[in-house]
Amino acid sequence: AQKVTQAQTEISVVEKEDVTLDCVYETRDTTYYLFWYKQPPSGELVFLIRRNSFDEQNEISGRYSWNFQKSTSSFNFTITASQVVDSAVYFCALSPDQAGTALIFGKGTTLSVSS
Amino acid sequence: DTAVSQTPKYLVTQMGNDKSIKCEQNLGHDTMYWYKQDSKKFLKIMFSYNNKELIINETVPNRFSPKSPDKAHLNLHINSLELGDSAVYFCASSQTSTTYTQYFGPGTRLTVL
């Protein structure tokens, strides 16, 4: 069975702190895709990143960075120098390598950044 | 230039009514989806269509019926609405020949009274 676990339900930090959101996944597929989405208080789902299972390079985009480790089945997301605008629910998701297939979402981590 | 749009954004209705939610994408994608987000924010797939063909039909009540008139549209019709249908419904689309990234619409918040 395929599954995504985000063990941190809620995280609260103060502005400028670094914060890491954990994501652990389960799959028997050799080829798959991992995603992070952001859901701000306004409610929309915003795509942040996609990672292929065969590409374990870490990625940095501004204050955001992602650490993908197949050995531990983890795809963690770090926000450096957090800002109030980072307050949102963050979802990690898994997709098999198959057309039209669904995203399997974790339950999300609510991040609250206070000033 | 909205990529994936849904109408209406809010829908408040009485139990027993029939309602529809419309979704359109202008990204040229070949696959569209409906997801349901419950009150605890959990997101779950309901349906997916690839080139107007039904691919995924998860265990949802048959009161829910998707319709895809063309590749750019996927509508969701709900008959005999129940209190438990209250949720946020998201439409999404992707292009399977290049990427599996799904882009989501703004969501429709359905409240059944």
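Worth pointing out:
- Size descriptor, Kirkwood hydrodynamic radius, that averages inverse alpha-carbon separations across segment B:63-107, Å: 12.4
- In this structure, A:Tyr64 and B:Asn79 have a Cβ-Cβ separation that, at R0 = 41 Å, corresponds to a calculated FRET efficiency of about 0.45.
- Inter-label distance, nm, simple model (7 Å from Cα along the C-beta direction), A:Glu10/B:Gln95: 4.1
- Computed across segment A:8-115, the Kirkwood radius stands at 14.3 Å (inverse of mean 1/r, all Cα pairs).
- Trypsin sites (Lys or Arg not before Pro) lying in DSSP loop within segment A:19-115, provided at most 15 other Cβ fall within 10 Å: A:Arg28, A:Arg63
- For A:100-111, mean number of other protein chain Cβ atoms within 10 Å: 6
- Summarising the label geometry, the points placed 7 Å from Cα in the beta-carbon direction at B:Ser65 and A:Val24 lie 4.5 nm from one another.
- For chain B, the Kirkwood hydrodynamic radius comes to 14.0 Å, computed from all pairs of different C-alpha atoms.
- Part-to-part distance (alpha-carbon centres) for segment B:16-49 and segment A:1-64, which is given in Å: 22
- With N as its number of residues, the protein assembly as shown has a Cα radius of gyration that, divided by 2.2 N^0.38 Å, comes to 1.02.
- Bins of 10 Å from zero: percent of alpha-carbon pairs in segment B:26-66: 27, 49, 23, 1
- Relative pair counts by distance (%), Cα atoms of segment A:52-115, 10 Å bins: 18, 43, 32, 7, 0
Taken together, the values in this text are just the output of simple stated rules run on the coordinates, not laboratory data. The structure presented is a predicted model; accordingly, all values stated were derived computationally and were not measured. In this analysis, Cβ positions are derived from the backbone assuming ideal geometry, glycine residues included, and neighbour counts consider all displayed protein chains.
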